[in-house]
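Worksheet: the structure to be examined is printed underneath.
The values are calculated or read from the model by the stated rules, or taken from the named source; none is laboratory data. Predicted, not measured: the structure shown is a model, and the values here were computed from it. Cβ sites come from the backbone with ideal geometry, for glycine too, and all protein chains shown count toward neighbours.
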Amino acid sequence: MEKIETLFSWLDHTAEMIEASQNEPYLDCLAHAMEILFYREVSNIDDDLTAKKIEKSLQTIDLKEFQQIEIRKAVQMAILKGMKENTQQQHLITPEAVALFIGYLANKFMSRQDTVTLFDPACGTSNLLTTVIGQLHKSVEAYGSDVDPTLMRLSLANANLQEMEIEFFQQDSLRPFLMAPVDLVVSDLPVGYYPDDVNASQYKLKAEEGHSYAHHLFIEQSLTYTKEAGYLIILVPNFLFTSDQAEQLQTFLKEHAHIYGLLQLPESIFKSKANAKSILVLQKKGPGTATPKQPLLVQLPSFKNEKAMADIIGQMNTWFSKYL
Ligand code: SAM
């Protein structure tokens with residue numbers, strides 16, 4: 001904890017110095033501070049006094065003294081601070097407990113593979129993506145995409161600091177990628193309407209009328225970039241299968257995927273009931289794939305309830321050895 005706090009303080013203090021000098025939003029200044037720490041070079045600071053102060057404080061910190069997980073947590077703390085101050089709705093980070101849980105599931109579903117190709121089409125700050133990579137304990141070829149330039153800059157700096165090789169695309173992820181399909185997609189999908197009706201019209205899951213649901217189009221796009229028999233572990237809104245376009249989605253999923261699991265997360269970790277999410281696990285159909293005899297349907301307890309959580313993990317481990 002002490003190490004995490006040391007690194008967090010350095011990042012936070014440096015970001016605040018940059019913020020005061022450059023008059024830019026905290027999250028951009030944080031990305032700038034992370035770049036300075038990674039390249040060990042103070043660049044693009046307009047006033048000499050601030051540049052000198054940062055150069056001096058750079059001598060007090062050495063990345064080699066921190067483990068990957070300490071770096072991830074310190075970065076996460078600083079990003080969370082920036083997001084609290086910020087009012088941009090799309091600036092969200094996948095909560096730590098949820099990211100770790102998705103990492104556990106990823107490990108289970110990828111247990112028979114020595115190497116894994118992994119993609120997050122809505123990677124944001126890459127907190128979820130780097131948490132999953134850190135937990136997979138195997139050779140991973142990773143890709144991430146997000147439309148937001150600030151989050152992409154944070155993602156790149158985050159991956160660099162954690163010494164993780166990730167190929168990033170800064171683009172609308174509902175447009176085509178120059179990327180081969182992967183073994184596993186993990187993602188905390190954006191929820192809401194997709195404003196580009198022209199692009200949406202190319203999707204099977206487009207709305208009959210008006211704007212399409214971004215989360216539906218993201219599911220279709222994620223399946224396109226998943227190998228046959230590959231898996232998707234995605235965070236979806238609880239209302240996914242009860243909304244007005246749910247029937248269309250269910251018909252589409254029946255044709256293209258097997259539903260392996262639906263795990264409802266504890267409501268307490270979300271701002272409100274309407275924002276609550278579940279983890280949906282899909283397998284893309286392919287030769288030799290079949291509908292699971294019994295899908296994994298779980299109502300997760302509070303992550304703070306260690307006893308209940310241990311019980312559920314025990315039951316899930318039994319499910320994995322029986323049905324996967
Ligand atoms: N897992 C991320 C993390 O740990 O930081 C958080 C993901 S956040 C819930 C959803 C992300 O979707 C946001 O970062 C947002 O910028 C991105 N997004 C929304 N619409 C998009 C689009 N059309 N193309 C690419 N990214 C998009």
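The table that follows gives values for the structure above.
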{"quantity": "Cβ pairs under 7 Å, 6+ apart, first in region 2-20 and under 15 Å from Lys56 (Cα atoms), second buried (at least 16 other Cβ atoms within 10 Å of the Cβ) and aromatic (Phe, Trp, Tyr)", "calculated": "Ala15/Tyr26"}
{"quantity": "Some residue of region 51-70 being in contact with a helix residue (DSSP H, G or I) (Cβ under 6 Å, 6 or more places away or on another chain), among the aliphatic types (A, V, I, L, M) and crowded, with 23+ Cβ neighbours inside 10 Å", "calculated": "no"}
{"quantity": "Test for Asp188: is it closer than 30 Å to Ser302 by Cβ and of a type in the set (D, E, K, R)", "calculated": "yes"}
{"quantity": "Unique residue being under 23 Å from Asp183 (Cβ atoms), surrounded by 12 or more Cβ atoms within 10 Å (Cβ to Cβ) and in contact (Cβ under 8 Å) with a residue 60 or more places away in the chain when the list is Ser278, Ser222", "calculated": "Ser222"}
{"quantity": "Out of Leu217, Leu249, sole residue that is in a helix (DSSP H, G or I), away from the ligand (no atom under 16 Å from the Cβ) and either within 26 Å of Phe109 (Cβ to Cβ) or among the β-branched types (Val, Ile, Thr) (or both)", "calculated": "Leu249"}
{"quantity": "Tabulated pairs, region 148-173, first within 13 Å of the ligand (Cβ to nearest atom), second outside any helix (DSSP H, G or I) and of a type in the set (Asp, Glu), C-beta under 6 angstrom, 6+ apart or interchain", "calculated": "Met152/Asp146"}
{"quantity": "Residue in region 151-171 that is farthest from Leu240 (Cα to Cα), counting only those that are in contact with a Ser or Thr (Cβ under 9 Å, 6 or more places away or on another chain) and not hydrophobic (A, V, I, L, M, F, W, C)", "calculated": "Gln162"}
{"quantity": "Residues located in region 120-145, provided they are within 12 Å of the ligand (Cβ to nearest atom) and over 18 Å from Val98 (Cβ atoms)", "calculated": "Ser145"}
{"quantity": "The lone exception for Glu228 - which of (1) of a type in the set (D, E, K, R); (2) near the ligand (Cβ under 8 Å from one of its atoms); (3) part of a strand (DSSP E or B) it fails", "calculated": "(2)"}
{"quantity": "Scan of region 74-108 for residues that are away from the ligand (no atom under 13 Å from the Cβ) and either modelled with pLDDT under 95 or not hydrophobic (A, V, I, L, M, F, W, C) (or both), ordered by number", "calculated": "Lys81, Lys84, Glu85, Thr87, Tyr104, Asn107, Lys108"}
